[in-house]
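Notes to accompany the following structure.
Each value in this text was obtained by applying a stated rule to the coordinates, not by laboratory testing. Given the structure is predicted, the values throughout are model-derived calculations rather than measurements. We place every Cβ from the backbone using ideal geometry, glycine too, and count neighbours over all the protein chains shown.
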Amino acid sequence: MPTAIDVAYVVYQATDLDRMESFMQDFGLVTAEKRGDALYMRGASSAPFIHATRKGAENRFIGGAMQMASKADLEALAALPGSSAVEPITDLPGGGWRVRMHTPDGVPLDGVWGQTPSASLPLREPNAFNAGTVKTRVNYSLRPKREPGLVLRIGHFGLRCSSHDDTLTWFRERFGVLDSDYLCVPGDESKVIGTFLRFNQGETPVDHHFMLITQSRNPADTGVHHCSFEMQDIDALMGAHDYLLERGHKLECGVGRHLVGSQIFDYWHDSFGFRVEHYTDGDVSNIHYQPVRYAVAADETTQWGMQPPKTFFD
Ligand SMILES: [Fe+2]
């Protein structure tokens, strides 16, 4: 079975690349490359880009890509029904090879391997926090700033699907992934309506999820829910939060701490209304973690902080 190890990037289409670039820079991404017809943004990690925007007549989510563990995994992907052959990537920063695929709902989602890494960007060390009973910061002070805290990497994105089960099968077959936790109908653990997926790296802990697949209430209303980017720590997230507020950007909800995955989060709308998330301090799990079924109401999915509005769950 092919194995993926990370999210590579997400791709959107928008009418104005300058507006997208301006928001994304405020959000904490750095311009990797800008052409007449496309914008590529990166974080501090060595990924050549993690968020791409193509210029087009309408604003829409296009798709994304997963980084495969090896070229053999890419070749195994190519052997599956509906996959393209392995082809060189000549039109994106970092190059490499890819296999083009579509989810059961027709979302373009590629497997990539062999991208040339970029030099990592300087990222400050994590801050030391003094808990009630454990003090690790002695004789110095924290001085976080209101500034676009540099995004480290893309962590996950979410897809609303016409068939949760078919999409889940598709991801399992193509990326060798593990179920982390399930969202169920409130009060009924037997009815799964959402699955958090993580990569399988054996004993090595990985993010709680790289993907959230949810059942769309309206089968015709499918597509991206949000994409999410990791920050160094809560000071980086809060500094970016205040900076985005000062710049007049549209906060949807947060700061809060999720129930499933435990991330400290906030959600913003980019210049075109797409939902983007900052997160930090999320759970990590290895192959031994067993999924939990959460049959909770929407307002129970935030443990503390600002609840998402009802429209968040549509
Ligand atoms: Fe998220």
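Label-to-label distance for S84 and K55 is 2.3 nm, based on points extended 7 Å past Cα in the beta-carbon direction.
When the helices of the chain are scored as -39500 (n - 2.57) per DSSP H run of n ≥ 4 and the total is divided over every residue, the value at 222 nm lands at -4000 deg cm²/dmol. One chain, two ends: S70 and T116. Fully extended at 0.36 nm per residue, the span grows by 15.2 nm beyond their Cα-Cα distance. Taking 41 Å as R0, compute the FRET efficiency from the Cβ-Cβ separation of D16 and T169 and round it to 0.05. According to the calculation, E is roughly 0.60. Can you give the alpha-carbon Rg of the chain over 2.2 N^0.38 Å, where N counts its residues? Computed over Cα atoms of the chain, the ratio equals 0.98. Over all other residues within a Cβ to Cβ distance under 9 Å of P308, the charged ones net out to -1, with Lys and Arg as +1 and Asp and Glu as -1.
Computed from the C-beta positions of F313 and Q25, the FRET efficiency with R₀ = 25 Å rounds to 0.25. Treating r as the C-beta distance of D242 and A128 and R0 as 22 Å, the FRET efficiency rounds to 0.55. By the count of neighbouring beta-carbon atoms within 10 Å, fewest first, R275, R217 end up ordered R217, R275. Dipole of the chain computed with +1 at Lys/Arg Cβ and -1 at Asp/Glu Cβ about the Cα centre; of Q201, H164, G82, farthest Cα towards the positive end is Q201. For L259, the shell of other residues with beta-carbons less than 10 Å away shows a net charge of -1, using +1 for Lys and Arg and -1 for Asp and Glu. Fewest neighbouring Cβ atoms within 10 Å first, the residues I50, I62, I287, I5 line up as I287, I62, I5, I50. Spatial offset of segment 32-109 relative to segment 171-218 amounts to 22 Å, using the alpha carbon center of each. Placing +1 on each Lys and Arg Cβ and -1 on each Asp and Glu Cβ, with no other charges, gives segment 1-125 a dipole about its Cα centre of roughly 100 debye.
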